[in-house]
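Student: Please read through the structure below; I'll follow up with questions.
The values are calculated or read from the model by the stated rules, or taken from the named source; none is laboratory data. This structure is a prediction, so every number in the text was calculated from the model and none was measured. Neighbour counts run over all protein chains shown; Cβ positions are idealised from the backbone, glycine included. Keep in mind that these areas ignore ligands, DNA and RNA; they rest on the heavy atoms of the full protein, side chains included. Shrake-Rupley method; radii C 1.70, N 1.55, O 1.52, S 1.80 Å.
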Amino acid sequence: MNTHRTLATAARVLRQLRHDPRSIALMLFVPCVMLLLLRYVFDGSPQTFDSIGASLLGIFPLITMFLVTSIATLRERTSGTLERLLAMPLAKGDLIAGYALAFGFLAVIQSVLATGLALWALGLDVTGSAWLLLLVALLDALLGTALGLFVSAFAASEFQAVQFMPAVIFPQLLLCGLFTPRDTMHPALEAISNVLPMSYAVDGMNEVLRHSSVTGDFVRDAVIVASCAVLVLALGAATLRRRTA
């Protein structure tokens, strides 16, 4: 990998996104709107918002970053941009890292906005540090970015990229422990949930919700989510295609 080429790729992606206000709005503001809606859905039961708000603070950014990243990367390939870039002395790793940096920068802004809104405007009550909550939200958004880059290699159209959401995101959403504790699920489903990264994203948020200091379980959860993001990015570089078949 070449640092200069990676940074140049990230800068190019950010310049393109600057001219796409709808994608920027989807990435930065939709998670905030969803949290706001959720807060007033449970207006008469703030303790319910406290119990699930932290988990959804990580899930909403993951979903939006997955959707936007997969479609944006696919658009680059179908337009022939990726083919032209890879005809230059630009390695696949440089390209994927550049995309990850660009969308990761937006993920930082998104996570700061969503965490700030949840804690100080919507009154989300957590026992742990706001910085730890922000860290997990950021890792979740980066994981969504990595998953989006990865699945874009297998889609032939933007419609197919959207269709990957039920296959990649929804099973994790059902099994991550948001709706019921994972240890109360059928043993087969619990075993599956143990290998899904969103499960550890929710577990990490719950650790911040319940504990005032950094716990060993929190460190484990954060490391697993970060490792999954790096692994999926590596797979994305390995499966990247120049053009859509």
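Student: When LEU26 is evaluated against the numbered criteria (1) modelled with pLDDT of 85 or more; (2) within 18 Å of the chain's Cα centre (by Cα), which criterion, by number, is the only one it fails?
Tutor: Result: LEU26 passes all but (1).
Student: Need the failing condition index for PHE105 against (1) touching a helix residue (DSSP H, G or I) at 6+ places or on another chain (Cβ under 6 Å); (2) part of a helix (DSSP H, G or I), just the number.
Tutor: For PHE105, the exception is condition (1).
Student: So, in segment 108-138, how many residues would count as being open to solvent by 70 Å² or more (accessible area, probe 1.4 Å), of a type in the set (Val, Ile, Thr) and outside any loop (DSSP other than H, G, I, E, B)?
Tutor: Selection size over segment 108-138: 1.
Student: Next question, about the same structure. Among the residues that make up segment 162-169, is at least one of them over 20 Å from MET27 (Cα atoms), open to solvent by 40 Å² or more (accessible area, probe 1.4 Å), touching a Lys or Arg at 6+ places or on another chain (Cβ under 8 Å) and without any contact (Cβ under 8 Å) to a residue 24 or more places away in the chain?
Tutor: Checked segment 162-169: no residue is over 20 Å from MET27 (Cα atoms), open to solvent by 40 Å² or more (accessible area, probe 1.4 Å), touching a Lys or Arg at 6+ places or on another chain (Cβ under 8 Å) and without any contact (Cβ under 8 Å) to a residue 24 or more places away in the chain.
Student: Something else now. Any chance you could count how many residues in segment 27-61 are closer than 16 Å to GLY116 by Cβ, open to solvent by less than 20 Å² (accessible area, probe 1.4 Å) and of a type outside the set (A, V, I, L, M, F, W, C)?
Tutor: Of the residues in that region, 4 qualify.
Student: Which pairs do you get when a residue that is closer than 20 Å to ASP183 by Cα and assigned to a helix (DSSP H, G or I), found in segment 203-225, comes within reach of a residue that is open to solvent by less than 20 Å² (accessible area, probe 1.4 Å) and among the acidic types (Asp, Glu), reach meaning Cβ atoms under 7 angstrom, with the pair 6+ apart or on two chains?
Tutor: ASP203/ASP221; GLY204/ASP221; GLU207/ASP221; VAL225/ASP140
Student: Could you say whether any residue in segment 57-72 is part of a helix (DSSP H, G or I) and touching a Lys or Arg at 6+ places or on another chain (Cβ under 8 Å)?
Tutor: no
Student: Looking at segment 189-197, can you tell me whether even one residue there is touching a residue at least 12 places away in the same chain (Cβ under 8 Å), among the hydrophobic types (A, V, I, L, M, F, W, C) and open to solvent by 50 Å² or more (accessible area, probe 1.4 Å)?
Tutor: Taking every residue of segment 189-197 in turn, at least one turns out to be touching a residue at least 12 places away in the same chain (Cβ under 8 Å), among the hydrophobic types (A, V, I, L, M, F, W, C) and open to solvent by 50 Å² or more (accessible area, probe 1.4 Å).
Student: Here's another thing I want to ask about it. Looking at segment 175-188, which of the residues that are outside any helix (DSSP H, G or I) and touching a residue at least 24 places away in the same chain (Cβ under 8 Å) is nearest to THR48 (Cα to Cα)? Give the steps one after another, and end with the answer.
Tutor: Step one: filter segment 175-188 for residues outside any helix (DSSP H, G or I), giving 176-181, 185-186.
Pick out the ones that are also touching a residue at least 24 places away in the same chain (Cβ under 8 Å) and you get 176-178.
Values: CYS176: 18, GLY177: 15, LEU178: 12 Å.
If we take residues in segment 175-188 being outside any helix (DSSP H, G or I) and touching a residue at least 24 places away in the same chain (Cβ under 8 Å), then LEU178 is nearest to THR48 (Cα to Cα).
Yes or no, residue by residue, for (1) within 24 Å of ALA107 (Cβ to Cβ); (2) at pLDDT 90 or above; (3) among the basic types (Lys, Arg); (4) in contact with a Phe, Trp or Tyr (Cβ under 9 Å, 6 or more places away or on another chain):
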residue: LEU173; (1), (2), (3), (4): yes, yes, no, yes
residue: ASP203; (1), (2), (3), (4): yes, yes, no, yes
residue: GLU207; (1), (2), (3), (4): yes, yes, no, yes
residue: THR215; (1), (2), (3), (4): no, yes, no, no
residue: VAL219; (1), (2), (3), (4): yes, yes, no, no
residue: VAL225; (1), (2), (3), (4): yes, yes, no, yes
residue: THR244; (1), (2), (3), (4): no, no, no, no
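Student: Residues of segment 139-161 being open to solvent by 40 Å² or more (accessible area, probe 1.4 Å) and of a type in the set (D, E, K, R), which ones?
Tutor: Hit for segment 139-161 is GLU158, nothing else.
Student: Another question, then. Restricting the first residue to segment 42-65 and requiring it to be modelled with pLDDT of 85 or more, which pairs with a second residue that is of a type in the set (Phe, Trp, Tyr) and open to solvent by less than 30 Å² (accessible area, probe 1.4 Å) meet a Cβ separation below 7 Å and a spacing of at least six or different chains?
Tutor: Sorted first by the residue in segment 42-65, then by its partner, the pairs are PHE42/PHE49; MET65/PHE103.
Student: Here's something else I'd like to know. Taking the condition within 25 Å of ALA97 (Cβ to Cβ) and open to solvent by 10 Å² or more (accessible area, probe 1.4 Å), does PHE179 pass?
Tutor: Judged against the criteria, PHE179 is not a match.
Student: I've got another one for you. Residue under question is ILE24, and the condition is that it be out of contact with any helix residue (DSSP H, G or I) (no Cβ under 7 Å at 6 or more places or on another chain), open to solvent by 20 Å² or more (accessible area, probe 1.4 Å), at negative phi and in a helix (DSSP H, G or I); does it hold?
Tutor: The answer is no for ILE24.
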